[in-house]
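Everything below concerns the one structure shown next.
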Amino acid sequence: MELNFAGIKLRNPLILLSGTAGYGKELGEIIDLSRLGGLICKTITLLPREGNPPPRTAETASGLVNSIGLENPGLKVFIEEVVPYVKKLPLPVLASIAGDKKELARMAKELEETGLAGLELNLSCPNVSGGAFNPVSPADLHKTIKAVRQSVKMPILAKLPPDLFRIQSLVKAAEDAGSDGLTIANTFPAIIFDVPKKKPALGGVTGGLSGPAILPLSLYLVFKARQVTQLPILGSGGVFDGPSAVSMLLAGANAVGLGTVNFFQPDAYREILLAIKKYMRCCHPER
Ligand SMILES: Cc1cc2nc3c(=O)[nH]c(=O)nc-3n(C[C@H](O)[C@H](O)[C@H](O)COP(=O)(O)O)c2cc1C
C-alpha cells in the first residue's frame, strides 16, 4: 500500500489530520503509529496563541463542532521542543502552519531546515476571529501559496476551505501557485446552541463541524476537485470506517485523513486498512 504522496513516501494512505492527533504523543500511547502512513501536527503560528475561551468542543448528531482557535506554542517552541520529539516517531511527520503571507513564508523557511517530511498550509481555519487566516478568494489563495513556494523546496500541501461552490477555482489557484498536493478540506463553519442556557454552546460562538456528519460534503469536494486536477489529494472530512475511507478513494483522493475518529475510535485504522487493501486488490491490482 506504499505510495509517494506529493513527494513524501508513505507506507500506506492513512494520514492523521492536523489538530486531532496533537504531536503524536498521547495517541502514540494507545495506538501503533508505525501502522499509519503519516501524521500532520497541530497547526502552529509564528507567535504563541492562547486559543478561544471554553467550551471549545460540542457534539452534534454524528459530528463535533470545535472552536479551539489555534492554541499553540508558536514557531520557536515548536522547533526547539516539538520537532526533536516528532522526528523520532515511526512515521513521516508534516508541520501545519497558519498566518499571513509573509509569516507563512518565514515559518516555512525555518521549518525546511528541521528536516520534517513536509508542510501543510492551513489556509482555512474557521476559528480565528477577524478572518485574517482565511484567504477565501482564489486570487488571495494563489498569492499566499506562491509566497511559500518561492521560499521553500520541501513538499507543500495546501489545505483548502470547504467552499462547496468555488472548490474548482481554489484547486486551480493552488495548483498554479505550485502546491505539491491538496488537503480537501478543513471543517465546515458551524454554530451549535446550548438550548437550556439559550446561548451558543461554544466559547468562540462559531466553530468548525467535523466527523461522520460531513462525509458526503467532503466526498463532493474531493470529487469536484479531481475533475480539474491531477495533484495528489488528501481527503479530509468524516472518514470513520472501511466504507467511508474507500468512498474517499472512489471520490478521487490518493490518501485518506483520519480526524475526529481519533477521538471516538482511535483504532479504526485497523478496519480501514483492511478495507483499503481489499479495494486495492480488486480495483488496482497493479499497485
Ligand atoms: C478538535 C479539532 C482540532 C482541529 N485543529 C486543526 C488545526 O489545528 N489545523 C487544521 O488544519 N485543521 C484542524 N482541524 C481539522 C481537521 O484536521 C480535519 O480537517 C477536520 O476535522 C475534518 O476531518 P474529520 O471529519 O475526519 O475530523 C481540527 C479538527 C478538530 C476536530
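The values are calculated or read from the model by the stated rules, or taken from the named source; none is laboratory data. Because the structure is a prediction, the values reported are computed rather than measured. Positions of Cβ are backbone-derived with ideal geometry, glycine not excepted, and every protein chain shown enters the neighbour counts. In case anyone asks, the SASA skips ligands and DNA or RNA and just uses the protein heavy atoms, side chains included. Shrake-Rupley method; radii C 1.70, N 1.55, O 1.52, S 1.80 Å.
Listed values, structure above:
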| read-out | value |
| --- | --- |
| Out of Leu94, Leu89, sole residue that is at pLDDT 95 or above, in a loop (DSSP other than H, G, I, E, B) and surrounded by 14 or more Cβ atoms within 10 Å (Cβ to Cβ) | Leu89 |
| Matching helices (runs of 4 or more DSSP H) fully within the stretch 200-287 where at least 1 residues are away from the ligand (no atom under 16 Å from the Cβ) and open to solvent by less than 30 Å² (accessible area, probe 1.4 Å) | 268-283 |
| The one condition in (1) more than 11 Å from the ligand (Cβ to nearest atom); (2) open to solvent by 10 Å² or more (accessible area, probe 1.4 Å) that Gly51 fails to fulfil | (1) |
| Candidate set: the stretch 184-199, residues that are within 11 Å of the ligand (Cβ to nearest atom) and closer than 15 Å to Thr60 by Cβ; chosen: the one surrounded by the fewest Cβ atoms within 10 Å (Cβ to Cβ) | Phe188 |
| Residues of the stretch 63-82 classified as open to solvent by less than 80 Å² (accessible area, probe 1.4 Å) and either in contact with a helix residue (DSSP H, G or I) (Cβ under 9 Å, 6 or more places away or on another chain) or not in a loop (DSSP other than H, G, I, E, B) (or both), total | 12 |
| Single match in Gly19, Gly24 (criterion: touching a residue at least 60 places away in the same chain (Cβ under 8 Å), more than 14 Å from the chain's Cα centre (by Cα) and crowded, with 20+ Cβ neighbours inside 10 Å) | Gly24 |
| Candidates Leu75, Leu70, Leu94, filtered to the one that is of a type in the set (A, V, I, L, M, F, W, C), on the phi > 0 side of the Ramachandran plot and within 15 Å of the ligand (Cβ to nearest atom) | Leu70 |
